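The values are calculated or read from the model by the stated rules, or taken from the named source; none is laboratory data. The structure displayed is predicted, hence computed values, not measured ones. Using ideal geometry, Cβ is built from the backbone for each residue, glycine included, and neighbour counts are taken over all protein chains shown.
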Amino acid sequence: MVGIAVIAWWPAFTLGAWHEIFFDDILALWAAATAALAFVLVEHRPVGVRLVRALVLLLPSAWVVLNFVVDDRTADLTAIALDLAAFAVVIVGIPFTLWVLVTIMWPDFAGGLAGRTKWLIAGVVLAIVIVSFLLGWNQAHFLTCEDFVVSGNSEPPGCTPG
């Protein structure tokens, strides 16, 4: 639970503060999903289950490929498709990849924990993601522009001057 929360808070914060998830977060998701995909393809599960898991884990790779194929100057419909793909990567890819990684690294999580414990873990992580988003959205109330500059980040819109 702690590891998942540590991974998930930053993309949620950036979405709140800058209104986007940075490319390095999506590429980190791509790396994790690709590693999980290699495991999922050889795991001992029914083929149908493996294929569904593999297809969802391919979402970040599809996003990367689309970014190579789609020209920034293309028609609006293509840009919308790329935005929808990025949205799918974030909304579906992040939680699913985290779920697969947790079940790979902690096999008892999927079958050995009580349902209440799983829901508690999911609820705590979801709460941290929501609070991180809200903190990013309200960063001007407790951080300054200089805080972002000193940390090596760009200044988000609406930051408070030092």
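Would you mind stating whether THR97 is on the phi < 0 side of the Ramachandran plot, polar (S, T, N, Q) and surrounded by 14 or more Cβ atoms within 10 Å (Cβ to Cβ)? Give the derivation first.
Values: on the phi < 0 side of the Ramachandran plot: yes; polar (S, T, N, Q): yes; surrounded by 14 or more Cβ atoms within 10 Å (Cβ to Cβ): yes.
Judged against the criteria, THR97 is a match.
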List the number of the failed condition for GLU20; all other conditions in (1) touching a helix residue (DSSP H, G or I) at 6+ places or on another chain (Cβ under 8 Å); (2) more than 18 Å from VAL92 (Cα to Cα); (3) in a loop (DSSP other than H, G, I, E, B) hold.
(2)
Every residue from the stretch 104-153 that is closer than 28 Å to LEU37 by Cβ, surrounded by 17 or more Cβ atoms within 10 Å (Cβ to Cβ) and polar (S, T, N, Q)
SER132
Taking the stretch 90-117 as the region of interest, how many residues are modelled with pLDDT of 75 or more, more than 17 Å from ALA8 (Cα to Cα) and in contact with a helix residue (DSSP H, G or I) (Cβ under 8 Å, 6 or more places away or on another chain)?
1
Among the residues of the stretch 39-59, write down those that are closer than 13 Å to VAL89 by Cα and surrounded by 15 or more Cβ atoms within 10 Å (Cβ to Cβ).
VAL56, LEU57, LEU58, LEU59
Could you list, in sequence order, the residues of the stretch 124-153 that are over 13 Å from PHE13 (Cα atoms) and in contact (Cβ under 8 Å) with a residue 24 or more places away in the chain?
VAL124, VAL125
Of the residues ALA79, ALA36, ALA62, only one is surrounded by fewer than 17 Cβ atoms within 10 Å (Cβ to Cβ) and farther than 25 Å from SER154 by Cβ; which?
ALA62
In the stretch 88-151, which helices (runs of 4 or more DSSP H) lie fully inside it and hold 3 or more residues that are within 24 Å of VAL56 (Cα to Cα) and among the aliphatic types (A, V, I, L, M)?
94-105, 115-137
